[in-house]
Structure formats: structure tokens, C-alpha cells
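Trainee: After the C-alpha cells below, expect a handful of questions from me.
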Amino acid sequence: MTKARLYSGMQPSADSLQIGNYIGALMQWRDLQESYDAFFSVVDLHAITQPNDPSELREKTRRTAAQYIAAGIEPAKSTLYVQSHVSAHAELAWILGTLTGFGEAGRMTQFKDKSQRYGQDATSVGLFTYPVLMAADILLYQTAVVPVGDDQKQHIELTRVLAERFNSRFGDTFRVPMPVIQQDTARIYDLQNPLAKMSKSAESDAGVLWLLDDPSASAKKIMRAVTDSEGSVRYDREAKPGVSNLLVIYAALSGRQIPAIEDEYAGRGYGDFKKGLAEVLVSEFEPVRARALELLDDPAELDRVLGANADHAAEVAETTLSDVYDRMGLLRRR
Ligand code: ATP
Ligand code: LTN
């Protein structure tokens, strides 16, 4: 039996991924690649919706790919490639843009947040159409499931709407994908501001745990994480957002349940708990970090792997794109 298709991606928007990307996305990807025909892209065309230095963008793209592999995505098993290597993404995005309402795109909360943060002058049309490009990524591959963090749920909903709209106007062309959101780890929060999502592009670095950071730097950030004055290690998202966030991270990285961790630290202070978490984090991340740095030592080999995977992705994508052009009545070149 052929496996159902899975698609996901991350932006190369920093030198290192953060732990929210790892827990909220990569850990699921690693497990899911066993049972799906998985495609994972480094979405560089999405990343350029923010200003980028060209040589830094190249470096961040390789680094993101290296971290996928280091975290356990296997390029021999899954298709791991760079979005801009497959021109069909930009082409289908144009097509889908013609089917997307202006108001519909304007209701995307990520756009509203980001455009507000950057101001009108720094908000590009590309940022506005970001979710349309994301829909193209997913629909090109006849994707069944899309594992993401919960911040991407609205974009997947738009993708479904666009797929259904196209299918009803032009005939059955796209598979309508389903999001897969692991609820308990769907949102890791900033260590200094446990009400905000941890993010690669956070304004301050103090609350972000980086996958490629020196382990001692990460341990220090954990020791300084915001907690509360109660002093007991107990999960309560409303009353204790800082401690609850640390518990979620602890549970995800150790594979243990939150109540078991609460029991272990009952009657002990936050200092012990944080030390325990720092140890778990270092032992999980150290091999990932070492492997990523090793891969980055040989960029030619990394580029070769990405190129070969892009060839496969392009083949699949072209089949869908050519069907789309045909159904819409674009005259095919002979
Ligand atoms: P940026 O700040 O550049 O937008 P980001 O760190 O928010 O970056 P993305 O590249 O946008 O990360 O997202 C990659 C994947 O990681 C997505 O599936 C997203 O839902 C997930 N993700 C990102 N941040 C978190 C988080 N704090 N908790 C859980 N999942 C997350
Ligand atoms: N917008 C996504 C990244 C992304 C993506 C995708 C995720 C771009 N294309 C396709 C899943 C499927 C984000 O995580 N910020």
C-alpha cells in the first residue's frame, strides 16, 4: 500500500532553530516520517518576507536543513529540500492568489500581528500573500496531513478553503489536507515572557533556547527563567505560566508525564527543578548540536543531498502544476 503524503516546513529565519521548533515540530516530524511519505522543506521564499542579508540567508538555509537532519529527519527516507529549488511553488502561489479574497488574506492573524509590529512601510505584499505561498507548498504534493504548531492552524484552514474552491470551480485537482497539531506541546512559551510564544525572531534573546547554543548558555537561561513566588512545581497554566511552560518542556524532552515530574520535585524549590531540566535539555541537545555542526563542516555534501531531494520534489510538484494550468484553461506550450 502506498503511504499517505505529509508536508511541513520551517523558515530559515535564524542561525539556529529554537526549542519550540524542536518540540512543536521536529520531534513529531521524526516520528511521522516512519508512517508517511514525508516532504520537509526549508521555506526560504517565506523567509524573504523579512529583509535578509543574502549571504546570511544562504547560511541560515543550510543551517536549518542541517538541523532537520541532526534532529532525525532522514534524507534517504523523507524528501528534505529547499523551497526555492522547486519553481512550481512560486507558480502555484500566483495561481492561488487569483482565487484568494483580499479580505480573506487580511483576516490572517499572523499577518495582522506582524504587519502591526513592523509598521506599514516595512510590510510587504509578500508578507500579505505568505499564507497563499504556504497553501501552494502543501497542495502541490497532494498532501494528506500537515503537522504544525497551533500558530499555523489558520493558514491550514485557508489552504483547505482554497483547495475546495479550486476543486469546485475547475474539477477535482487537489487533495484537501488535514492539520496535525499535537495539543500538549503545540505552544512553547518564551522563558522571560511566558505569555508569548517562543520564536526565532523574538526581540530579546534571553527567553529563547537555541538548538545550536552552547549547552552552558542554555542552562543559564533556564536558571534565569521567569517563575512565580509560590515555590511549588505544579502545572497551572493560568496561575503559573512560567513553571507550567518549563514542565511542558521537561516532559517533552524526557518522555515523562507531567504528574511524575511534579511528584519528583514535590517539596523542593525551583532551583532543583531548573537544574534537573537543564540536565535533560543538555543530554537531548548535545548530540543534535554536534551532528548539525558536523554536517555544516561539509556544505558541498549537504548541498548535494538537498539538490537530489529537490529533483524528486520537483517531479511530484510538476505533475500537479501542469494539471492546474490545464484545468484553468492556460494554453499549454507545444
Ligand atoms: P519566526 O519567529 O521566524 O516566525 P518561528 O520560530 O515562529 O519563526 P517558524 O519557522 O515560523 O518558527 O515555524 C516552524 C515550525 O515550528 C511550525 O510548525 C511552528 O508551528 C513551530 N513552532 C514555532 N514556534 C513554536 C513554539 N513556540 N511552540 C511550538 N511550536 C512552534
Ligand atoms: N508558515 C510556516 C512554515 C511553512 C509551512 C509550509 C508549514 C511554510 N510552508 C507548509 C507547513 C506546511 C510556519 O511554520 N511559520
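Trainee: Test Ala70 against the criterion of being over 28 Å from Val161 (Cα atoms) and more than 15 Å from ligand 1 (Cβ to nearest atom), and give yes or no.
Mentor: yes
Trainee: Determine which member of the set Pro75, Pro51 is more than 15 Å from ligand 2 (Cβ to nearest atom), within 29 Å of Asp190 (Cβ to Cβ) and open to solvent by 10 Å² or more (accessible area, probe 1.4 Å).
Mentor: Exactly one residue qualifies, and that residue is Pro51.
Trainee: Take the conditions within 14 Å of ligand 1 (Cβ to nearest atom), more than 30 Å from Thr98 (Cα to Cα) and among the charged types (D, E, K, R) and apply them to Arg234. Does it pass?
Mentor: no
Trainee: Next question. Please note which helices (runs of 4 or more DSSP H) are completely contained in region 226-334 and include at least 1 residues that are exposed (fewer than 13 other Cβ atoms within 10 Å of the Cβ).
Mentor: Correct list: 258-264, 270-296, 299-328.
Trainee: Find all pairs meeting these conditions: Cβ atoms under 6 angstrom apart; at least six residues apart or on different chains; first residue within region 172-196 and closer than 17 Å to Val145 by Cβ; second residue open to solvent by 20 Å² or more (accessible area, probe 1.4 Å) and in a loop (DSSP other than H, G, I, E, B).
Mentor: Taking only residues 6 or more apart or on different chains, the pairs are Arg175/Gln142.
Trainee: Moving on. May I ask you to verify whether Gly119 is open to solvent by 20 Å² or more (accessible area, probe 1.4 Å) and either touching a Gly at 6+ places or on another chain (Cβ under 6 Å) or away from ligand 1 (no atom under 14 Å from the Cβ) (or both)?
Mentor: Spelling it out, Gly119 is indeed open to solvent by 20 Å² or more (accessible area, probe 1.4 Å) and either touching a Gly at 6+ places or on another chain (Cβ under 6 Å) or away from ligand 1 (no atom under 14 Å from the Cβ) (or both).
Trainee: If the requirement is being at positive phi and either in contact with a helix residue (DSSP H, G or I) (Cβ under 8 Å, 6 or more places away or on another chain) or open to solvent by less than 10 Å² (accessible area, probe 1.4 Å) (or both), which of these qualifies: Gln142, Gln83?
Mentor: On inspection, the qualifying residue turns out to be Gln142.
Trainee: What is the one condition in (1) of a type outside the set (A, V, I, L, M); (2) open to solvent by 20 Å² or more (accessible area, probe 1.4 Å); (3) more than 15 Å from ligand 2 (Cβ to nearest atom) that Arg5 does not satisfy?
Mentor: (3)
Trainee: Restricting the search to region 171-190, which residues are in a loop (DSSP other than H, G, I, E, B) and away from ligand 2 (no atom under 15 Å from the Cβ)?
Mentor: Gly171, Asp172, Thr173, Asp190
Trainee: Also, I was wondering about something else. Looking at Ala66, is it open to solvent by less than 50 Å² (accessible area, probe 1.4 Å), out of contact with any Lys or Arg (no Cβ under 6 Å at 6 or more places or on another chain) and either away from ligand 2 (no atom under 16 Å from the Cβ) or among the acidic types (Asp, Glu) (or both)?
Mentor: Yes.
Trainee: Residues that are under 30 Å from Ser232 (Cα atoms) and free of Cβ contacts under 8 Å to residues at least 24 places away in the same chain: does region 282-296 have at least one?
Mentor: Yes, there is a match, as at least one residue in region 282-296 is under 30 Å from Ser232 (Cα atoms) and free of Cβ contacts under 8 Å to residues at least 24 places away in the same chain.
Trainee: Given the criterion within 14 Å of ligand 2 (Cβ to nearest atom), over 16 Å from Ala90 (Cα atoms) and modelled with pLDDT of 95 or more, identify the matching residue among Val132, Val145.
Mentor: Within the list Val132, Val145, the selection yields Val145.
Trainee: Could you tell me which residue of region 179-195 is farthest from Ile19 (Cα to Cα), considering only residues that are under 17 Å from the mean Cα position of the chain (by Cα) and surrounded by fewer than 14 Cβ atoms within 10 Å (Cβ to Cβ)?
Mentor: Restricting to residues being under 17 Å from the mean Cα position of the chain (by Cα) and surrounded by fewer than 14 Cβ atoms within 10 Å (Cβ to Cβ), the top hit is Gln183.
Trainee: Further, regarding this structure: Which of (1) within 15 Å of ligand 2 (Cβ to nearest atom); (2) open to solvent by less than 10 Å² (accessible area, probe 1.4 Å); (3) at pLDDT 95 or above is the odd one out, the single condition Ile23 does not satisfy?
Mentor: Single failed check for Ile23: (3).
Trainee: Which members of region 8-20 meet the condition of being within 12 Å of ligand 2 (Cβ to nearest atom) and touching a helix residue (DSSP H, G or I) at 6+ places or on another chain (Cβ under 8 Å)?
Mentor: Across region 8-20, the qualifying residues are Ser8, Gly9, Met10, Gln11, Pro12, Ser13, Leu17.
The values are calculated or read from the model by the stated rules, or taken from the named source; none is laboratory data. All values reported here derive from a predicted model rather than from experimental measurement. Cβ: placed from backbone, ideal geometry, glycine included. Neighbour counts: every protein chain shown. Calculation scope for accessible area: heavy atoms of the full protein, side chains included, ligands and nucleic acids excluded. Shrake-Rupley method; radii C 1.70, N 1.55, O 1.52, S 1.80 Å.
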